[in-house]
Amino acid sequence: MNKKIIVLSLLAALLFQCNSDSDVLASFKGGTVTRKELRNFYQLNTGGRKPEPNHPTKEEQTQLLETLGLFKLISLYNTEKKLVSEDELAVFLKYSKPQMAASFLQRNLAEKLEQVGKLKFAFVRVIAVFSFDPKEEEVTRQRAQSIFEGIQKLSSKKEIIQYVQDHTDQPAYKAVGGLLEPQCLNCGNDPNLTFYKEAAENEGKWILKEIDDQLPPGADPKAPRKKKFLILRVERVETIYASRVGKFFSKEFGKLKSLAKKYIETPDISDQIKAEVKRNYLDLKVDDIAPRYEDFMKKRFLFSAVSEQEEQLVKNAGFEKANITQDNLNTFTHDSVLLTNTKTGETVKFKDVLNELEQLAKQSGLDSSKLDDKANVLQFFRQQFVWYKIADHSQELKDALESKDFQDMFNVMKLYIVQPLVFKRELPSDVTVSEAEMREQYEAAKMFSYAKSNPNNPQDRTPMPYGEVRERIKEDLIRAKKQNFVRELTQKLKTDYQFILDSSRLKEGKI
């Protein structure tokens, strides 16, 4: 009987969903905006991430609805005025549609993992051994080795905690026996993650790792660095569903705080250590920090999962992609291979991608002045070109492109492409400002926007010389004029097409 009730409840919810999808939330001469379109638009803008409680608010939905309505007005205006042809639009869609299909798959993955994704957390106990002087490196290394050997002889938890408290150079760690907050093992690449992963692979065993201390800002990179040694052990690993990560951190931070409270009662603790413990644990507001940790870890987890999916899509299509990072951007030459078809041996070189981008700029009228920047070319390769190149070989992308959900989403995505092309045709391309306008702007704002404040008294502001800020004023005025042209055009479209928005049908926290 209970199962029947559940099934009927789900069916009722689905029927309600279908009915509400067709609700008209805005109308204009020639079209409407439905609740389903607004929901798709919201998902596009959030990347499929789970919204915060009570979000989106009615105000947020109203703003989104107005933007989506404007996009549809621009599309209708373009159709009637024949400003951007289907052939011109196809130039962009050639690259954008496969990219949109990849984004669609990423969004679906993110939505799924928000609930059923599993994060792996390691419970790590650490003894930190510092070298306070670079010249003492060898002495510190020997001390760390001695501590490492000593702790391996201990077996009882009580003895281990006392040993950590006696030997760690990190005062706050003493209060919790060297326990760290749970460390996520599958949430991307953190500098210390390799240590935690290695320790997790040797669960229950102590390992000794040596790392260089970070250089302070402005320090000579060749200067000797202080050494830091970590003696660590992963005591257990837990797998937590993404939907429960917040509760998990609330519980674990609560445990750490309780340990610190107990430790602070120990006699003869120095005031310095008490202050460290208070700052790191006793002042901890678990209800505030747990949701922040949840958000941070889930974002890292989802980013890592989406990155892995990208790599897998390329691999499954029979291609191998070059590893491109911020650190190696300048190492690429015109003959560098960016993509290889592992079945045919066909390659795509940097110069091939540059040529495609140059052709796109010519066909579309885009600014080609920045094509000399390798970063721009490689960004085009990673974000669009690679999906265009593998689309015919990827079954996952083919399935996405053919799905009804994608088609519904694509109709909204396409509006993003039409809008800037129409604005490019309708708005003045050469916006100028006169010297008199710049002088007038300077006189009006020289005590605010174009002034320096006294470091010792922020209220004391001195105007910067006109010559120093002239170009900045020019950019400000040109930007303001362009924004005004956009406002005038959008207001004209709303008036001409009789755009009406019905915010009374919006629901707080739910589209």
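The values are calculated or read from the model by the stated rules, or taken from the named source; none is laboratory data. Here the structure is a predicted model, which means the values were calculated and not measured. For neighbour counting, all protein chains shown are included, and Cβ atoms are generated from backbone atoms with ideal geometry for every residue, glycine included.
Looking at the structure I just gave you, is Ile151 in contact (Cβ under 8 Å) with a residue 60 or more places away in the chain and either more than 32 Å from the chain's Cα centre (by Cα) or exposed (fewer than 15 other Cβ atoms within 10 Å of the Cβ) (or both)? Yes.
In the range 233-250, the residues that are loosely packed, with under 14 Cβ neighbours inside 10 Å form Cβ pairs under 6 Å with partners that are of a type in the set (Phe, Trp, Tyr), at six or more places apart or across chains, as follows: Arg236/Phe123; Glu238/Phe121. For the range 184-212, the set of residues classified as β-branched (Val, Ile, Thr) and either over 31 Å from the mean Cα position of the chain (by Cα) or outside the structural domain of Ser155 (by TED's automatic domain parsing) (or both) consists of Ile207 only.
Quickly run through the range 109-125 and pick out the residues that are touching a Gly at 6+ places or on another chain (Cβ under 7 Å) and surrounded by fewer than 21 Cβ atoms within 10 Å (Cβ to Cβ). Glu111, the sole residue that qualifies. Within the range 273-319, the set of residues being in the same structural domain as Gln165 (by TED's automatic domain parsing) and of a type in the set (Asp, Glu) comprises Glu276, Asp283, Asp287, Asp288, Glu294, Asp295. Counting the residues of the range 251-268 that are buried (at least 17 other Cβ atoms within 10 Å of the Cβ) and either free of Cβ contacts under 8 Å to residues at least 40 places away in the same chain or not assigned by TED's automatic domain parsing to the domain that holds Glu238 (or both) gives 1. Within the range 494-511, being surrounded by 13 or more Cβ atoms within 10 Å (Cβ to Cβ) and over 28 Å from Ser20 (Cβ atoms) holds for no residue. One residue alone among Gln441, Gln459, Gln419 is in contact (Cβ under 8 Å) with a residue 40 or more places away in the chain and polar (S, T, N, Q), and that residue is Gln419.
Counting only strands (runs of 3 or more DSSP E) wholly contained in the range 299-374, the ones carrying 3 or more residues that are in contact (Cβ under 8 Å) with a residue 12 or more places away in the chain and surrounded by fewer than 18 Cβ atoms within 10 Å (Cβ to Cβ) occupy 337-341.
Glu435 satisfies every condition listed in (1) farther than 30 Å from Gln106 by Cα; (2) charged (D, E, K, R); (3) surrounded by 15 or more Cβ atoms within 10 Å (Cβ to Cβ) except (3).
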